[in-house]
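Each remark here refers to the structure printed beneath this line.
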Amino acid sequence: MIVTLEEMKQYLRVDFPDDDSLIEYLLSSAEKICMDIMRTDDANALQSEPNAKTGVLYTVAYLYEHREDADYHALMITLRALLFGSRREGF
């Protein structure tokens, strides 16, 4: 994982263990979303991409904070803008 659970909890300012499993699930989903936007199946591509960590942090924070009213279209537009320089021409 490009972002650890502890890093994510610090970013979210969560200091209790109650949501650990939810945050871990969101971390996994965020990495997959960022990989999809970058058009790669290689998890190591995230490690070498400077904006990928920011993309994962942003995605998890957005999904965590907007659990009930997330605007996925707006999330994807923001992530595409952030990760567009890393996007491959095709899979």
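In this structure, does residue 82 turn out to be free of Cβ contacts under 8 Å to residues at least 40 places away in the same chain and over 22 Å from residue 42 (Cα atoms)? Criteria not met by residue 82. For the stretch 25-60, the set of residues classified as farther than 19 Å from residue 72 by Cβ, surrounded by fewer than 16 Cβ atoms within 10 Å (Cβ to Cβ) and more than 11 Å from the chain's Cα centre (by Cα) consists of 41, 42, 43, 44, 47, 48, 50, listed by residue number. In the stretch 1-24, the qualifying residues are those that are buried (at least 16 other Cβ atoms within 10 Å of the Cβ) and within 12 Å of the chain's Cα centre (by Cα), and the one that is modelled with the lowest pLDDT is 2. Checked against (1) free of Cβ contacts under 8 Å to residues at least 40 places away in the same chain; (2) under 20 Å from residue 6 (Cα atoms), residue 60 passes all but a single condition, namely (1).
The values are calculated or read from the model by the stated rules, or taken from the named source; none is laboratory data. Model, not experiment: these values are computed from the prediction. A quick note on method: Cβ atoms are made from the backbone with ideal geometry, for glycine too, and the neighbour counts reach across all protein chains shown.
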